[in-house]
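Undergrad: My questions all concern the structure below.
The values are calculated or read from the model by the stated rules, or taken from the named source; none is laboratory data. Fair warning: this is a prediction, and the values are worked out from it, not measured in the lab. Here the Cβ is made from the backbone with ideal geometry for all residues, glycine too, and neighbour counts use every protein chain on show. Accessible surface areas use protein heavy atoms only, side chains included; no ligands, DNA or RNA. Shrake-Rupley method; radii C 1.70, N 1.55, O 1.52, S 1.80 Å.
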Amino acid sequence: MFGAYQVGAWKVLSQHFQPDMVIGASIGSLNAWMVACGASPQDLEHHWLHESGMERPIFRFPSRWHLGILDPGYAHHTMRRMCDEGHRQMRVGIVLRRFPNLFRSVVVEDGDVTWQHLAASCAIPVVFDLPLIGGVRYADGGLLDPLPLFAARDMGAAQILGINCLSWGGFGKVSGALQLRPAKRISFRPSRALQWNRGRVEEWIAMGERDAARFLTDPEHRRLLT
């Protein structure tokens, strides 16, 4: 549910600049895809408040090593619909991690992105199924680094703004990169992070709005974004 924080931040930031490309990892891959397809901040907010795909988590005992404890059926249905109905309007990159060698990351770009790539980017091992794509097993793109700024650099971005839902990440030196992080640490307890709760979504959207407004009080940040 951490993606709700990004939605709140984007509601504020989108009033001041528009990107040429968007890159997402983990739950941020869904937000990135929707933004790339022209979704407004209000569209994103509606998605998270009403149809995030995690409203009805079904727990199960996995029968194979690559399956997770949560049945992904409803979430995968939502991702399929997002890709079927979405029409990309700008460049987009989705970050995945090869499994089991999580140090090997892959960035899937533009027209190559499918709903399976979105599912793979969100696939926390043990929790969600690890998709097999082209004979390769993939896992959550935010593992090891929840803010993979290198992906934007590798796609040619000159000025980078990363919205990080967590208090760590964004490793490596990437020139021209700004980071927005929560002023107050968001709890990573599974009951809060994985199970949809409207009140919690509203709380995290509001937190993102406050942090983005505070971020823009820095004259240097405003200058770089305009």
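Undergrad: Could I have the simple spin-label model distance between L144 and W168, label points 7 Å from Cα toward Cβ, reported in nm to one decimal?
TA: 1.5 nm
Undergrad: Please turn the phi angles of region 14-25 into ³J(HN,Hα) values with the Karplus equation 6.51 cos²θ - 1.76 cosθ + 1.60 (θ = phi - 60°), one per residue in order, whole Hz, x for glycine and proline.
TA: Computed from phi, the couplings for region 14-25 are 5, 7, 10, 7, 10, x, 8, 8, 9, 10, x, 9 Hz.
Undergrad: Now for a separate question. Using the alpha carbons of region 46-161, what is the convex hull volume per residue in cubic angstrom, as a whole number?
TA: Enclosed volume per residue, from the Cα hull, is 124 Å³.
Undergrad: While we're looking at this one, here's another question. Check which residues have an amide H placed less than 5 Å from I133's amide H, if you skip close sequence neighbours.
TA: Y138
Undergrad: As a test of reading the structure, rank L224, L144, L49 by solvent-accessible area (1.4 Å probe, protein chains only), most first.
TA: L144, L224, L49
Undergrad: Can I ask one more? Just for the Cα atoms in region 77-143, what are the lengths along the principal axes, largest first, rounded to whole Å?
TA: If we take the Cα atoms of region 77-143, the spans are 33, 23, 21 Å.
Undergrad: Enter the accessible area per residue of the chain (Å², integer; probe 1.4 Å; all protein chains in place).
TA: On a per-residue basis, the chain sits at 49 Å².
Undergrad: Under a plain spin-label model, where a point goes 7 Å from the Cα along Cα-to-Cβ, how far apart in nm are D154 and Q15?
TA: Each label point lies 7 Å from its Cα, and together they span 3.6 nm.
Undergrad: Shifting gears a bit: According to a simple spin-label model (label point 7 Å from Cα along Cα-to-Cβ), what is the distance in nm between R222 and N197?
TA: Rounded to a tenth, the inter-label distance reads 3.6 nm.
Undergrad: Okay, moving on. At 0.36 nm per residue, and after removing the present C-alpha to C-alpha distance, how many nm does the segment from Q179 to D110 gain when stretched out fully?
TA: Extending this stretch completely gives an extra 22.5 nm.
Undergrad: Using a 1.4 angstrom probe on the protein heavy atoms only, could you order Y74, Y5, Y138 from most to least accessible area?
TA: Y74, Y138, Y5
Undergrad: So what is the diffusion coefficient of the chain in µm² per second by Stokes-Einstein at 4 °C and 1.567 mPa s, using a Kirkwood Rh over Cα pairs?
TA: Diffusion coefficient, whole number: 74 µm²/s.
Undergrad: For every helix of n ≥ 4 consecutive DSSP H residues, a contribution of -39,500 (n - 2.57) applies; sum these over the chain, divide by its total residues, and give [θ] at 222 nm rounded to the nearest 500 deg cm²/dmol.
TA: Here the helix-only value at 222 nm equals -11000 deg cm²/dmol.
Undergrad: If you don't mind, there's one more thing I want to ask. Counting only protein heavy atoms and a 1.4 Å probe, tell me what percentage of region 106-226's accessible area is made up of carbon and sulfur.
TA: Heavy-atom surface of region 106-226 belonging to carbon and sulfur, 1.4 Å probe: 55 percent.
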